[in-house]
Amino acid sequence: MQKTDTTEKGRVAEEIASKWLEAHGLEVLERNWRHHHLELDIIAGGPMLSSEGMPVSCGSPFLTQATFLHIVEVRSRKAVLRTGAAPEEPVSPLIAPQLTVDYRKRRFLVSAADAFVRQRHIKQEVVFDIVSIVFSESSHVLSFYPDAFHPLW
């Protein structure tokens, strides 16, 4: 796959993720925010969401209406067709997209989020979410991983 194909696939994945987040109650504040060599795919504001995209109360009556700053990392992969598989049979990538957010990537995300929070004087609690998108020939499957990891500030 050429670099331009990968870049275009990433752009499409971010557009799909943004629309999904907005449809589930988050407000997309920034896309592709950069600070030096660091980048955040999507920065959104809104309630804590479950993996199904439903607002979560967080177990406290004080947090039911709380808004969080969501740092959303979008990862995508192209599905791999297995030899002899039926066209309608669901396929998956060799490595699930969400698993590619390793320790190094998390460190970069935390550093970029810290820069954003300091630059904008943000007082909201920050959560790190992952949107995983697997593309097949004719469609895609989106999975949302809320509060996917916790940084050691």
- [ ] Ignoring everything but the protein chains, give the 1.4 Å probe accessible area of residue 48 in square angstrom, nearest 10.
- [x] 20 Å²
Open item on the list: Under the 0.36 nm per residue contour assumption, what length would be gained going from the current alpha-carbon distance of residue 36 and residue 118 to full extension?
Closed with: 28.1 nm
TODO: Output ³J(HN,Hα) for the range 117-129: one whole-Hz value per residue in order, computed from phi by the Karplus curve 6.51 cos²θ - 1.76 cosθ + 1.60 with θ = phi - 60°, and x for Gly and Pro.
DONE: 4, 5, 5, 9, 6, 6, 10, 6, 6, 9, 10, 10, 10
- [ ] Please compute the net charge surrounding residue 28, taking Lys and Arg as +1 and Asp and Glu as -1 over other residues with Cβ under 12 Å from its Cβ.
- [x] -4
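The values are calculated or read from the model by the stated rules, or taken from the named source; none is laboratory data. Because the structure is a prediction, the values reported are computed rather than measured. Reconstructed Cβ throughout: ideal geometry from the backbone, glycine too, with neighbour counts over all protein chains shown. Areas reflect the complete protein model, heavy atoms only, side chains present, ligands, DNA and RNA absent. Shrake-Rupley method; radii C 1.70, N 1.55, O 1.52, S 1.80 Å.
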